[in-house]
Amino acid sequence: MGKSQNPFWVSLRPLRLTASKFGAILNVYLKKRNTGVPSQPLLKSLYEPPNLDEAKGTQWGKEHETVAFQKFCKNYTKDVSATGICFTHVVT
């Protein structure tokens with residue numbers, strides 16, 4: 001089962017802070033005319049993530065994922081297996 005078909009992954013996806021979202025948030029505080037107030041579209045993107053099933057890049061990735069796995073395994077002589085969701089705990 002790919003992650004996009006995994007109900008647990010789908011439920012966690014809205015909670016993810018992606019690099020693009022982090023950049024948009026940081027930009028709010030780095031602008032010269034800083035109001036410190038995020039725009040409504042930014043807030044909406046954080047609380048209501050778009051449907052990835054409709055994104056062209058996501059569709060392309062789903063269609064080519066199997067071939068990518070096969071080529072990676074062949075080119076790097078590595079075995080790839082589906083692992084599901086991985087969590088990393090950082091100890092400070």
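No value in this document is a laboratory result; all are computed from the given coordinates. What you see is a predicted model; the values in this text were computed from it and never measured. Virtual Cβ from ideal backbone geometry, glycine too; neighbours counted across all protein chains shown.
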Quiz item: With each label point set 7 Å from Cα along the Cα-Cβ vector, what nm distance links T88 and E54?
Solution: 3.2 nm
Quiz item: Using a simple spin-label model with points 7 Å from Cα along the Cα→Cβ vector, what separation in nm is obtained for A19 and F69?
Solution: 2.4 nm
Quiz item: Counting alpha carbon pairs within less than 8 Å and at least 6 residues apart, what relative contact order, in whole percent, applies to the chain?
Solution: 29 percent
Practice problem: With everything on Cα atoms, drop me the angle between helix 19-30 and the longest principal axis of the chain, reported from 0 to 90° to the nearest 10. | Solution: 20 degrees
Self-check item: Two-decimal ratio, the chain, of alpha-carbon radius of gyration to 2.2 N^0.38 Å
Solution: 1.44
Quiz item: How many nm separate the modelled label positions at K78 and Y47, each set 7 Å beyond the Cα in the direction of the Cβ?
Solution: 4.0 nm
Quiz prompt | Radius of gyration and maximum dimension Dmax of region 1-51, Cα, Å | solution = 13.8, 47
